[in-house]
């Protein structure tokens, strides 16, 4: 960990898939824990009442860091489909209702697009917010352009990965290795900007 840029970094999520991706991408720079860690598991759920990815990421990060007093990173991300006027957008995780799962969300998406011809353009979008004691240290965003396929393919990744085909490829993200995905993903691109800001001293951690 000679390149450590941060102390233990709390990710404001209970989504194991997201935490795994952050741990892989930030491994050289920070030690990652999330809200399932015994030290943080009793922290409250934060209602995502914002109307944009920016608002929700800041809301989650600031709310948690205000309680802990430490440095917290939050991610708000989702899928925007042009044929659906940008839906599911900020509602991507709960697109198919209160009891939504990745599978039911994909099923609803493909059903909504059943009459939409190719190319069914879309993008994954991510906004990261880093806060300390409830105060914003910085925000960074990333996006990945692509299209929505007509059927699922691949068994890696999570969320909408099995139906999302990155621009310039014929494979879905669920057919990528973890390293391939992290190198081009919306989250990976946002993390690159975060790391660059830390390296360049653009974030006042003190």
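Worth a mention:
- Filter result (surrounded by fewer than 13 Cβ atoms within 10 Å (Cβ to Cβ) and in a loop (DSSP other than H, G, I, E, B)) within the range 95-106: 97, 98, 99, 101
- Residue among 22, 53 that is within 21 Å of residue 172 (Cα to Cα), touching a strand residue (DSSP E or B) at 6+ places or on another chain (Cβ under 7 Å) and either free of Cβ contacts under 8 Å to residues at least 40 places away in the same chain or buried (at least 16 other Cβ atoms within 10 Å of the Cβ) (or both): 22
- Looking across 109, 128, one residue alone is touching a residue at least 60 places away in the same chain (Cβ under 8 Å) and either in contact with a helix residue (DSSP H, G or I) (Cβ under 9 Å, 6 or more places away or on another chain) or in a loop (DSSP other than H, G, I, E, B) (or both). It is 128.
- Some residue of the range 56-70 being closer than 23 Å to residue 113 by Cα, surrounded by 17 or more Cβ atoms within 10 Å (Cβ to Cβ) and either over 17 Å from the mean Cα position of the chain (by Cα) or in contact (Cβ under 8 Å) with a residue 24 or more places away in the chain (or both): no
- Residue 170 meets all of the listed conditions (1) closer than 27 Å to residue 104 by Cβ; (2) touching a strand residue (DSSP E or B) at 6+ places or on another chain (Cβ under 8 Å); (3) assigned to a loop (DSSP other than H, G, I, E, B) but one, namely (2).
- Flag if residue 78 is at pLDDT 95 or above, surrounded by 21 or more Cβ atoms within 10 Å (Cβ to Cβ) and within 16 Å of the chain's Cα centre (by Cα): yes
- Verdict on residue 159 being in contact with a strand residue (DSSP E or B) (Cβ under 9 Å, 6 or more places away or on another chain), assigned to a strand (DSSP E or B) and within 18 Å of residue 15 (Cβ to Cβ): no
- Which listed residue, of 192, 151, is closer than 23 Å to residue 17 by Cα, loosely packed, with under 14 Cβ neighbours inside 10 Å and touching a residue at least 40 places away in the same chain (Cβ under 8 Å): 151
- Per-region count, the range 173-206, residues in contact with a strand residue (DSSP E or B) (Cβ under 7 Å, 6 or more places away or on another chain), part of a loop (DSSP other than H, G, I, E, B) and within 17 Å of residue 146 (Cβ to Cβ): 1
The values are calculated or read from the model by the stated rules, or taken from the named source; none is laboratory data. For clarity, every value in this text was computed on a predicted model and none was experimentally measured. Because the Cβ atoms are built from the backbone with ideal geometry, glycine has one as well, and the counts that use them run over all protein chains shown.
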